[in-house]
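See structure below.
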Amino acid sequence: MASQRVSVIPLVPGVQSYEWGVPGRRSDCLVAHYASATKELHFDRKDDQPYAELWMGTHPTLPSYALLPDGSKVLLHDYLCEHKALVGDEVVARFGLDEGRGALPFLFKVLSINKALSIQAHPDKALAEKLHKEKPAMYKDDNHKPEMALALSDFEGFCGFRPWAEMAHFVATVPELRSVLEADAAWDAVQATSSSALHDVFGILMRASPTVYEPAVDAIATRYRQRTGPVEVTDEVADLVVRLHEQYPRDIGVFCTFFLNIVHLERGQAMFLGANEPHAYLAGHILECMAASDNVVRAGLTPKARDVDVLLSMLTYKSASADEQRLRSPVWDGDAQGHTLLYDPPIPEFTLLFTALRDSQRSEHRAVHGPSIVLVTKGQGELLVGETSIPLDEGRVYFIGAHTPVTWTTQGTLDVARAFVEVA
């Protein structure tokens with residue numbers, strides 16, 4: 001079948017269940033809700049199963065399938081390799097059709113977060129290649145993984161190191177933290193306000209012996225929970241320490257609360273996470289888009305394998321406020337009616353659009369010169385491609401081929417998230 005004849009293809013996404021996901025019994029579990037919309041997925045929602053991620057893309061860890069007009073189902077990666085025009089010559093020339101990461105240079109996800117994810121960072125390209133070569137069982141591919149998160153609900157996370165003054169205040173005033181950090185040396189390091197000094201003091205924390213940090217975590221969580229007297233931190237910080245200790249008892253990652261920015265996003269707000277930046281998602285529902293990779297270096301708040309030395313060696317140790325992590329979202333000039341916001345992180349692998357329509361509105365998108373994956377996040381409507389009308393239902397996922405102008409319409413409510421890559 002010629003690629004030009006199928007420019008919009010329904011997809012079958014994949015579901016990942018991790019312990020930090022939202023249980024299926026909860027009505028707000030977006031991963032389970034969206035998965036249920038695709039009957040070809042044969043999704044069996046279970047009350048006690050935690051549903052964490054919905055994957056949309058061609059990464060071989062959990063690839064999506066294309067539903068073709070003749071009723072057949074094939075791997076999207078295989079279909080795109082056979083019909084390269086759907087990816088676009090410019091994108092193929094820039095990124096290739098790599099078997100190790102899939103035909104698309106980006107991976108699109110929905111995350112439903114009930115418990116904190118690990119304290120983690122993603123390697124840059126050079127480090128990813130090195131780690132994949134040395135530890136292929138732990139690091140499954142050789143690609144970097146810059147990513148962005150767009151909130152679908154109220155969201156809370158860690159992102160980047162706090163400003164120096166905040167870290168210095170905590171080191172000076174939190175006795176349990178000082179006991180772990182070998183206080184005098186740690187204080188001198190934080191006062192030095194340099195990336196090398198932060199490397200030293202954060203390294204002391206993350207390499208501390210369990211015999212040192214476990215009783216300290218217990219002590220601070222108990223003190224903040226009981227609040228029998230005044231505490232030296234805000235209620236937000238104290239409550240988060242208690243919550244993380246309840247989720248991951250006696251874990252060194254609890255103390256990362258004093259070093260990492262706490263970021264809050266409202267629905268529609270986004271943040272960008274560059275390579276080698278520490279972060280952790282704590283609660284909420286998000287869209288996540290990233291370069292096509294499954295590489296994660298973990299060091300706390302996780303039962304999974306940790307690689308503390310690699311994490312400490314790779315971090316940038318930049319200190320900045322939480323506001324600096326947020327992405328701007330201007331109106332996209334490719335929407336003739338102005339109903340679409342643009343989230344454009346400073347990397348070439350992906351861009352994200354979010355279109356919101358109400359009460360008989362329409363949105364005409366110019367042709368994007370690269371492939372797209374679309375998720376209907378809310379409502380119903382139609383997708384018009386030339387003379388063809390495709391019904392849209394909440395939770396359904398679609399692929400749109402390169403160089404395809406489309407129009408979105410609705411009689412009520414329609415919210416659509418669109419991840420794409422376009423080579424300038």
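Read-outs throughout are calculated quantities, based only on the coordinates presented, and are distinct from any laboratory measurement. Everything numeric here is computed off the predicted structure, so don't read it as measured data. Cβ atoms come from the backbone with ideal geometry, glycine included; neighbour counts cover every protein chain shown.
Footprinting exposure proxy ranking of 286, 347, 390, fewest other C-beta atoms within 10 angstrom first, gives 390, 347, 286.
In a fully extended conformation the segment linking residue 262 and residue 25 would gain 82.5 nm over its present Cα-Cα distance, using 0.36 nm per residue. A protection proxy built from the mean count of other Cβ atoms within 10 Å ranks the segments 101-109, 8-16, 290-298, 220-228, most packed first, as 101-109, 290-298, 8-16, 220-228. At most 16 other Cβ atoms within 10 Å and a DSSP loop assignment: could you name the chymotrypsin sites (Phe, Trp or Tyr not before Pro) in segment 291-361 that fit? Listed in order of number, the matching sites amount to none. Straight-line reach from residue 84: taking Cα to Cα under 17 Å and skipping same-chain neighbours fewer than 8 places apart, no lysines fall in range.
Return, ordered by residue number, the residues of segment 301-332 whose backbone nitrogen is under 14 Å from a label point located 7 Å along Cα→Cβ of residue 165. In segment 301-332, the label zone of residue 165 (backbone N under 14 Å from the point 7 Å along Cα→Cβ) covers 320-322. Pairwise Cα distances in segment 193-316 exceed 20 Å for 52 percent of all pairs. Centroid-to-centroid, using Cα positions, segment 216-237 and segment 352-399 are 48 Å apart. Across the alpha-carbon set of segment 340-420, the Rg to Rh ratio works out to 0.95, Rh being the Kirkwood radius. Principal-axis analysis of the Cα atoms of the chain puts helix 164-173 at an angle of about 40° to the longest axis.
Dipole magnitude for segment 163-258: computed about the Cα centre from +1 point charges on Lys and Arg Cβ and -1 point charges on Asp and Glu Cβ, it is near 160 debye.
Computed from the Kirkwood radius of its Cα pairs, the Stokes-Einstein diffusion coefficient for the chain at 20 °C and 1.002 mPa s stands at 95 µm²/s. Mean residue ellipticity at 222 nm, helices only, the chain: -7000 deg cm²/dmol; runs of at least 4 DSSP H residues each add -39,500 (n - 2.57), and the sum is divided by the number of residues. With the cut-off at 29 Å, tell me which of the pairs 46/378; 133/304; 39/304; 73/125; 46/133 have Cα atoms farther apart than that. Result: 39/304; 73/125; 46/133 exceed 29 Å. Summary of packing: across the peptides 82-93, 157-168, the per-residue average of other C-beta atoms within 10 Å ranks them, highest first, as 157-168, 82-93. Shown for 56, 148: other C-beta atoms within 10 Å of each C-beta, ranked fewest to most, produce the order 148, 56. Backbone phi angles across segment 391-401, fed through the Karplus curve with coefficients 6.51, -1.76 and 1.60 (θ = phi - 60°), yield HN-Hα couplings of x, 10, 10, 4, x, 7, 10, 9, 9, 10, x Hz in residue order; Gly and Pro are listed as x.
In the distance distribution for segment 163-258, Cα-Cα pairs more than 24 Å apart total 16 percent. Axis angle, to the nearest 10 degrees, between helix 210-226 and the longest C-alpha principal axis of the chain: 80 degrees. Across segment 48-134, the fraction of Cα-Cα pairs farther apart than 19 Å, rounded to a whole number, is 55%.
Does anyone have the angle between helix 235-247 and the longest principal axis of the chain? Alpha-carbon axes, 0 to 90°, nearest 10? In the chain, helix 235-247 runs at an angle near 80 degrees to the longest axis.
Across the chain, the relative contact order, built from alpha-carbon pairs under 8 Å that are at least six residues apart, equals 21 percent.
The charge dipole of the chain, taken about its Cα centre with unit charges on the Cβ of Lys, Arg, Asp and Glu (plus for the first two, minus for the last two), comes to roughly 440 debye.
Charges were assigned to the Cβ only: +1 to each Lys and Arg, -1 to each Asp and Glu. The resulting dipole of segment 340-420 about its Cα centre is roughly 60 debye. The fewest-to-most ranking of 53, 277 by surrounding Cβ atoms within 10 Å reads 53, 277. Sites listed here are trypsin sites (Lys or Arg not before Pro) in segment 307-365 whose DSSP assignment is loop and whose Cβ has at most 12 other Cβ atoms within 10 Å: 328.
Among the GluC sites (Glu not before Pro) in segment 327-418, those located in a DSSP loop and surrounded by at most 14 other Cβ atoms within 10 Å of their own Cβ are 387.
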